[in-house]
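The values are calculated or read from the model by the stated rules, or taken from the named source; none is laboratory data. None of these values were measured; they are calculated from a predicted model. Cβ coordinates were reconstructed from backbone atoms using ideal geometry, including for glycine residues, and neighbour counts include every protein chain displayed. The area values use the complete protein model at the heavy-atom level, side chains included, leaving out ligands, DNA and RNA. Shrake-Rupley method; radii C 1.70, N 1.55, O 1.52, S 1.80 Å.
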Amino acid sequence: MESLTAAGEVERQLTTRLNQNNKDGRGVTMVSLNDSVSELAGVGPKRAQALKSLDIENVNDLLTYFPFRYEDLQAKDPTELTDQAKVTLKGTVAAAPVISRFGRRKTRLNFRLLLDEHTIIPVTFFNQPWLKDKLEVGNELAVYGRFDAKRQSLSGMKIIASTDDGGGMGSIYPANKEVRQATIQKLVESAYAAYEPVIVDLIPEPLREQYRLLHRRQMIHDMHFPAGDAAAQAARRTAKFEEFYLFETRLQIVKQQDHTLHGQALTYDLPKLKDFIASLPYELTDAQKRVVNEICYDLKRPVHMNRLLQGDVGSGKTVVAAVAMYAAITAGTQAALMAPTEILAEQHANNLAKLFADFPVNVALLTGATKPAARKTLLPQIANGAVNLIVGTHALIQPEVAYHDLGLAVVDEQHRFGVNQRQALREKGQQPDVLAMTATPIPRTLAITAYGEMDVSVINELPAGRQPIKTSWIRSNQVDSTLRQVKAELSSGSQAYVVTPLIEESEAVDMKNAEAIYERFKEQFEPTYKVGLLHGRMKNDEKNAVMDAFKANEFQVLVATTVIEVGVDVPNATVMLIYDADHFGLAQLHQLRGRVGRGKKASACILIADPKNELAVERMTTMTSTNDGFVLSQKDLELRGPGDILGKKQSGVPDFKVGDPVADLNILSAAQQAAKETVASPDWADKDANLALAAFLSTTAHQNTTMD
């Protein structure tokens, strides 16, 4: 963050001015919110280490360690009480407290609380004998606890300070064995009292007014000590916006820096590129043309391209990538395409070889299955530039693979690769431009967080002639009638997929399995129609042979596991049955469904499921209601969470303290737009309105803001 280098000095100047007339109780000049928590009274090395387990290291960490819920401490009228409700009762101690002992080191403290002239409530505290000293007959106090309507008594949880009127809300914090709830509450109170004067607004004033946000000092106060529910909600709204805004501002700075990285300016041959596009067997859609223009504009610039190309299944991303790779090749450089599976890599290589049959493009395939002799011949050709388009799996990034001049690296289904694998491909050359592709539509939440530092191109239009896939959901007892529909499709010359989640029968999980379904379909369909089997435990040669036979219509029915989820392209397949569909997420079901409907015939996807809960029922009804992958991916994120969709390490969504990027998508979107506006100009950090923000970002530059 070079643009923020001077901001550290700004931060020091700001806090110096604020501190000149502000001393804490110990007579020590306060410095900033970056002070260690050990500066607070009662925090020694042992407690500081314990607080670190909660990610609390400095005062700002502590002040932004917000409650996850509140207890209503407003005193209740006795007539309003309901059984087992947590309530606050205010009254007068009517009788001296009595302590009785039972069991081992267990105590019961009883006293009576006079609420009004006619109502006396017995109150019991367990294992808190020290409270006796706070209970003098005739004293007024408020007690928080659980009300027992049958016994007309209160099981006490805490006594509210006598100086408190019993109103307001009590903050409840995430705690652990090392740091108790009461400790956090006490430290927050002392930190706010000591550091309140140096809490400055991080969100620039124009944005704060535009989005009707609280001042930061007020927000922090009302998050910890709200006067009521309305104050707590207003503070939480501001806290969410600030958290998202700070994260997005860091992402925009990263993006800005990425755009200043020196990269290759690929001066491609436009007439040759137009000739290639004209040679395609179909005209590009308007969406494809727009995306091609965005990519080609980046290729010509002498800066590093880091672009994400996303589009629904069957939208034509591979053709767009082919145009981009040919542009790089006409500029005299090489292009590489890395795919997650050997089946997909081989399919890409075959398709690209056909597309470039009449053009000076030498396509080579390099995977883990490449024979040693072929590999020995191929590696020198990649190194000397004789091969200018290399397609493969992670084999492309092995140390012994050297490129002559890699100008463009394309990563297909990029979320299936680890961070280090994607980075290794980028390092094969002199800052090659990077085009990441995904057929898994990225929910807006992930696009804004995990991919916020990338430029995004979206193909939101299907090629001409494609018909929407009709999706239906049936119960398992309705399968027989559905099989008649499948046979009708086959009789017209079409083919069918049958998908199951398991390879072999499992005693632990009651789901249909591929081998059993395969045998059943052979009995019902052969010899009229041939049935094939494909699953992930097969050797690569076996899998390739099965797929080639299915493409050639040697099999009319293919029983498969999710190995067919990505990239498999058989236009003649028009119907898909998915057994135990409720065991898949929406995004995965959509990917599977995308294997049909790739030709011009009407296609159908039939979900077979007997869901056991409302969540699974909602997934099935959602799948039948829309073909829009972007709608489904966002819904999947809402229903299952990012970790379940992409895996915990690859989910991409960072851990936020207070904001939920799925539930609070509107706030996240607004914060992203605000962040873009803030850093739009190169000198943004020098503007008066942004000084506090720039200072804060400079002192927290160590925080990780990108997932890649």
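Report whether or not E2 is crowded, with 17+ Cβ neighbours inside 10 Å, at pLDDT below 90 and of a type in the set (D, E, K, R). Against the criterion (crowded, with 17+ Cβ neighbours inside 10 Å, at pLDDT below 90 and of a type in the set (D, E, K, R)), E2 does not qualify. Only residues that are modelled with pLDDT of 90 or more and open to solvent by 60 Å² or more (accessible area, probe 1.4 Å) were counted in segment 665-675, giving 1. The number of residues in segment 520-545 that are within 12 Å of V498 (Cβ to Cβ) and surrounded by fewer than 16 Cβ atoms within 10 Å (Cβ to Cβ) comes to 1. One residue alone among A552, A560, A587 is of a type in the set (G, A, S) and surrounded by fewer than 16 Cβ atoms within 10 Å (Cβ to Cβ), and that residue is A552. Only strands (runs of 3 or more DSSP E) whose full extent lies in segment 311-393 are considered here, and the ones with at least 3 residues that are in contact with a Leu (Cβ under 8 Å, 6 or more places away or on another chain) and touching a residue at least 40 places away in the same chain (Cβ under 8 Å) are 334-338, 389-392. If the condition is being open to solvent by less than 10 Å² (accessible area, probe 1.4 Å), at pLDDT below 80, outside any loop (DSSP other than H, G, I, E, B) and in contact with a Pro (Cβ under 7 Å, 6 or more places away or on another chain), then segment 402-445 contributes only T445.
More than 29 Å from W684 (Cα to Cα), acidic (D, E) and in contact (Cβ under 8 Å) with a residue 12 or more places away in the chain - does that describe any residue in segment 215-225? Yes, segment 215-225 contains a residue that is more than 29 Å from W684 (Cα to Cα), acidic (D, E) and in contact (Cβ under 8 Å) with a residue 12 or more places away in the chain. The set of residues in segment 459-492 that are more than 12 Å from L577 (Cβ to Cβ), open to solvent by 60 Å² or more (accessible area, probe 1.4 Å), under 29 Å from the mean Cα position of the chain (by Cα) and of a type in the set (A, V, I, L, M, F, W, C) contains only L462. The criterion of being hydrophobic (A, V, I, L, M, F, W, C) and surrounded by 16 or more Cβ atoms within 10 Å (Cβ to Cβ) holds for F125. Restricting to segment 62-90, and then to whatever is surrounded by 15 or more Cβ atoms within 10 Å (Cβ to Cβ) and out of contact with any strand residue (DSSP E or B) (no Cβ under 7 Å at 6 or more places or on another chain), can you tell me which residue is modelled with the lowest pLDDT? That would be P78. Residues in segment 321-380 that are more than 29 Å from V563 (Cα to Cα), β-branched (V, I, T) and surrounded by fewer than 23 Cβ atoms within 10 Å (Cβ to Cβ): T330, V361, T377. Only helices (runs of 4 or more DSSP H) whose full extent lies in segment 486-599 are considered here, and the ones with at least 2 residues that are modelled with pLDDT of 90 or more are 514-525, 540-551. Every condition in (1) under 21 Å from E39 (Cα atoms); (2) touching a helix residue (DSSP H, G or I) at 6+ places or on another chain (Cβ under 8 Å); (3) buried (at least 16 other Cβ atoms within 10 Å of the Cβ) holds for S171 except the one numbered (1). When the residues of segment 216-270 are narrowed to those that are farther than 24 Å from F656 by Cα and of a type in the set (A, V, I, L, M), which ends up farthest from the chain's Cα centre (by Cα)? The residue in question is L270.
Consider K132 carefully, then state whether it is within 19 Å of G170 (Cβ to Cβ) and open to solvent by 80 Å² or more (accessible area, probe 1.4 Å). When the stated conditions are applied, K132 does not pass them.
Contact map, segment 616-635: first residue buried (at least 16 other Cβ atoms within 10 Å of the Cβ), second residue polar (S, T, N, Q), Cβ cut-off under 7 Å, separation 6 or more or different chains; pairs are M623/T471; L632/T622; L632/T626; S633/T440; Q634/T445; K635/T622.
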